[in-house]
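**Q** Just passing along the structure, written as structure tokens.
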Amino acid sequence: MRRITIAAMGAVLALGLAACSGSGAGGGSGSSDAATVDPSDLTVGVAMPTQTSERWIADGKAVKEGLEKAGYKVDLQYAGDDIPTQQQQIDQMITKGADLLILASIDGTALATQLQAAADANIPVIAYDRLIRDSENVDFYVTFDNYKVGVQQATSLLVGLGLLKADGSKGDATGPFNIELFAGSLDDNNAHFFYQGAMDTLKEYIDAGTLVVKSGQTDIEQVATLRWLQETAQKRMEDLLTSTYSDGSKVQGVLSPYDGLSRGIITALQNAGYGPGIDQGMPIVTGQDAEIASVKLINDGVQYSTIFKDTRKLAEQAIVSAQSFLANKEPEANDTKTYDNGVKVIPSYLLDSDIVYKDNIQSLLIDSGYWTADQVASGQA
């Protein structure tokens, strides 16, 4: 694995965060030694995909603040979901002498040239949440257990339909239930893990006829949503209602992999006369990222669930891993088998996620300080 060559590079500098080097961001504490290099001499380039999602704004802010607290200089850039812009931003980070790159890619296959330039300059690369594919020049990956996220999304759909109870035991409902499926953007490697985890969970119910995908659209290529755009999901839901449910039948559940898509889906359903809430006929709609607008919808009984990925822990883990590289050490990985990017298996650190329902918003999101009660009530950060 490539490392930065800096004279007298010492041990990891303590962050003062919940986790220290040698231990995962969500895990136990570890000791750290005083660094023998001034962190202010080092610059970390941080590339984030977009500012249209609350989630990515929070990620960028948390990574930047954590690195700056540790004394590093940070070059944080958002690319507006435009691939050439992100490529140019990373090129500039390399040209300006970044010592390490943390990259949340828009398209995980579109950065080969930038990654090769980083390798040529001995700059380590950490893929942040989204795996960067088809390149040997990726050194580490920090993310959540994305397959498990998909399992949780599907599980929450089954709970909402009454086929399972929240504790995982069998529910009282028997079906059949009409459902429709949505996936994320095909150029995001995570979308495939989410969908696989969900479909592995739903398969037995679909095979038994308990769940019926009335449109017949079950392949990820059919259900994918380019760039995770809300308006694209809304349009597809509108088209599904027109093409598949004009016979008077009703859709009763929708697997949605992201809160932005969920809100578009819900808008399409409400415009077609569903709802306005679950008690009034809104289908069970899942989500992901615990965006505040969707948390309010869950609290109001409109959206059923979301997946909470505590991005504060993800940012901490990225910083812990960055510190290891900047101290010429191996970052700690807890998965060295799962994430094959097409060229090699990337050593990874995976974090856990949680299902959010209306009855655990308080314990998961408010008590942890992720959102306040006022924010949940207003739906605004």
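The values are calculated or read from the model by the stated rules, or taken from the named source; none is laboratory data. All values reported here derive from a predicted model rather than from experimental measurement. Neighbour counts run over all protein chains shown; Cβ positions are idealised from the backbone, glycine included. Accessible surface is based on the protein model in full, side chains and every heavy atom, while ligands, DNA and RNA are left aside. Shrake-Rupley method; radii C 1.70, N 1.55, O 1.52, S 1.80 Å.
**Q** Roughly how much of residue 309 is accessible, in Å² to the nearest 10, using a 1.4 Å probe?
**A** 10
**Q** Keeping every protein chain in place, order 350, 269 by accessible area at 1.4 Å, biggest value first, i.e. largest first.
**A** On the way: 350 30, 269 0 Å².
Greatest to least solvent exposure: 350, 269.
**Q** May I ask you to derive the FRET efficiency for residue 96 and residue 200 from their Cβ-Cβ distance with R0 = 51 Å, giving the value to the nearest 0.05? Show your work: numbers first, answer last.
**A** Numbers: r = 44 Å, r/R0 = 0.87.
It comes to 0.70.
**Q** Also, quick follow-up: Near the amide H of residue 140, under 5 Å away, which other amide H atoms are found, from residues 5 or more places off or on another chain, if H is placed in the peptide plane?
**A** 125, 127
**Q** So, in nm, how far is label residue 112 from label residue 82 when the simple model puts each one 7 Å beyond its Cα toward the Cβ?
**A** 2.4
**Q** Can I ask one more? Just need the Rg to Rh number for the chain, please, alpha carbons only, Kirkwood Rh. Present the calculation step by step, with values, prior to reporting the outcome.
**A** On the way: Rg = 21.5 Å, Rh = 21.5 Å.
Across the chain, the Cα-based Rg/Rh ratio is 1.00.
**Q** Which one, 110, 121, 80, is farthest towards the positive end of the dipole of region 76-150 when Lys and Arg carry +1 and Asp and Glu -1 on their Cβ?
**A** It is 80.
**Q** Right, another one. Computing the accessible area with a 1.4 Å probe over protein heavy atoms, can you report the carbon and sulfur percentage for the chain? Don't jump to the answer; show the numbers that get you there.
**A** Numbers: 7040 of 14960 Å².
Of all accessible area on the chain, carbon and sulfur atoms account for 47 percent.
**Q** Beyond 32 Å between alpha-carbons counts as too far, so tell me which of 69/329; 64/203; 329/358 fall in that bin.
**A** Details: 69/329 20 Å; 64/203 41 Å; 329/358 43 Å.
Violating the 32 Å Cα-Cα cut-off are 64/203; 329/358.
**Q** Hey, another quick one. Compute the separation of the alpha-carbon centres of region 228-278 and region 279-309 and state it in Å as a whole number.
**A** Each part reduced to its Cα centre gives a spacing of 13 Å.
**Q** Separate question: Taking the alpha-carbon set of region 249-294, what are its Rg and Dmax in Å?
**A** Answer for region 249-294, Rg first and Dmax second: 10.1, 32 Å.
**Q** Also, I was wondering about something else. Not counting ligands, DNA or RNA, and with a 1.4 Å probe, what is residue 199's accessible surface area in Å² rounded to the nearest 10?
**A** Approximately 40 Å² for this residue.
**Q** Here's a follow-up. Where does each of 249, 185 land when they are ordered by accessible area, with a 1.4 Å probe and the largest first? Don't skip to the answer; put the middle values down first.
**A** Numbers: 249 30, 185 0 Å².
So the residues, ranked largest to smallest area, are 249, 185.
**Q** Provide the per-residue ³J(HN,Hα) series for region 351-358, in order, calculated from phi with Karplus coefficients 6.51, -1.76, 1.60 and θ = phi - 60°, each as a whole number of Hz, with x at glycine and proline positions.
**A** Whole-Hz 3J(HN,Hα) from phi for region 351-358: 10, 8, 10, 9, 7, 9, 10, 4.
**Q** Taking the Cα centre of the chain as origin and charging only Cβ (+1 Lys, Arg; -1 Asp, Glu), how large is the dipole, in debye to the nearest 20? The partial results should precede the final answer.
**A** Numbers: 28 positive and 49 negative charges, 32 e Å.
Computed charge dipole of the chain: roughly 160 debye.
**Q** Mind grabbing the accessible area of residue 263 for me, 1.4 Å probe, Å², rounded to tens?
**A** About 50 Å², ignoring ligands and nucleic acids.
**Q** Accessible area per residue, 1.4 Å probe, Å², for region 184-291: what's the number?
**A** Working: 4300 Å² over 108 residues.
For region 184-291, the solvent-accessible area averages 40 Å² per residue.
**Q** Work out from phi, with θ = phi - 60° and the Karplus expression 6.51 cos²θ - 1.76 cosθ + 1.60, the ³J(HN,Hα) of each residue of region 333-339, listed in order in whole Hz, and give x for Gly and Pro.
**A** With the stated coefficients, region 333-339 comes to 10, 10, 8, 10, 10, 7, 9 Hz.
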